[in-house]
Amino acid sequence: MNLTITPQEREALLADARETISAALEQRPPEYKRGAELAAAIREGTSALTKPCGAFVTLHRGKELRGCIGRMIASDALEKTVRIMAGEAAFGDPRFPPLSRTEWPACTIEISALSPLEACSDPRLVRVGLHGLYLVHRGRSGVLLPQVPVEQGWDLDRYLDYICIKAGLPPHSYDEPGAQLYTFTAVVFGEEAP
């Protein structure tokens, strides 16, 4: 992936995500802050925050997943995508109830900024821990971020089968005629657990 996100930009994106969620919980407008150097890079269009980029925001409460929503492809700047996805991860993930004020202090944020999708002609070329997967087949789709198989301890075969399951398809569906398998990479960073 050609996107380089500096430590200062990572810190700003994590702060933006936290501020988006905090402001919503407190029912106030968000107040995003930028240091002088980063503000200048944004004005000049040289900051990664201004580049169109897909991104996922993941919330954890302790070691448990608390929400994860993202966009594979985005026409919006990375900072805007992260802000929108932070709100969606906290309040719009259909697998969880909306985040409450009482549980918010125990949550940490992880951001995955995504490379463009690349068609995968040979699933055996997928590298566990490097490639995320996106599968489209039979009107269904599923996505797994590159860090998921590492966290779960999956080998390549299990990873490929699980992307099918995530899409609501039987294992090995990625190999069927008409299946479209894509890979992507991600710049992944997050907060330390409290």
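The values are calculated or read from the model by the stated rules, or taken from the named source; none is laboratory data. Here the structure is a predicted model, which is why all the values come from computation and not from measurement. Cβ atoms come from the backbone with ideal geometry, glycine included; neighbour counts cover every protein chain shown.
Assorted remarks:
- Hits in segment 46-83 - residues which are without any contact (Cβ under 8 Å) to a residue 24 or more places away in the chain and closer than 14 Å to Leu13 by Cα: Lys80
- Unmet requirement for Thr4, which otherwise passes all of (1) over 27 Å from Ser100 (Cα atoms); (2) in contact (Cβ under 8 Å) with a residue 40 or more places away in the chain; (3) among the polar types (S, T, N, Q); (4) assigned to a helix (DSSP H, G or I): (4)
- For segment 25-66, the set of residues classified as within 17 Å of the chain's Cα centre (by Cα) and of a type in the set (A, V, I, L, M) consists of Ala48, Leu49, Ala55, Val57, Leu59, Leu65, listed by residue number.
Here is a yes/no grid of residues against (1) closer than 25 Å to Leu181 by Cα; (2) in contact with an Asp or Glu (Cβ under 9 Å, 6 or more places away or on another chain); (3) buried (at least 19 other Cβ atoms within 10 Å of the Cβ); (4) not assigned by TED's automatic domain parsing to the domain that holds Leu145:
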position: Phe96; (1), (2), (3), (4): no, no, no, yes
position: Thr102; (1), (2), (3), (4): no, no, no, yes
position: Ile109; (1), (2), (3), (4): no, yes, yes, yes
position: Val126; (1), (2), (3), (4): yes, no, yes, no
position: Leu130; (1), (2), (3), (4): yes, no, no, no
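- Members of segment 160-173 that are under 21 Å from Leu114 (Cα atoms) and assigned to a helix (DSSP H, G or I): Leu160, Tyr162, Ile163, Cys164, Lys166
- Summed over segment 59-97, residues that are of a type in the set (Gly, Ala, Ser), in a loop (DSSP other than H, G, I, E, B) and at pLDDT below 95 total 3.
- If the condition is being within 19 Å of the chain's Cα centre (by Cα) and in a helix (DSSP H, G or I), then segment 123-159 contributes Gln147, Val148, Pro149, Val150, Glu151, Gln152, Tyr159.
- Count of segment 15-31 residues which are part of a loop (DSSP other than H, G, I, E, B) and either among the hydrophobic types (A, V, I, L, M, F, W, C) or without any contact (Cβ under 8 Å) to a residue 12 or more places away in the chain (or both): 3
- The residues in segment 70-95 that are of a type in the set (A, V, I, L, M), out of contact with any Leu (no Cβ under 7 Å at 6 or more places or on another chain) and over 20 Å from Glu118 (Cα atoms) can be counted, and the count is 3.
- Residue in segment 17-25 that is at pLDDT 95 or above, in contact with a Leu (Cβ under 6 Å, 6 or more places away or on another chain) and surrounded by 17 or more Cβ atoms within 10 Å (Cβ to Cβ) present: no
- Restricting attention to segment 79-135, the residues that are farther than 22 Å from Arg34 by Cβ and among the charged types (D, E, K, R) total 9.
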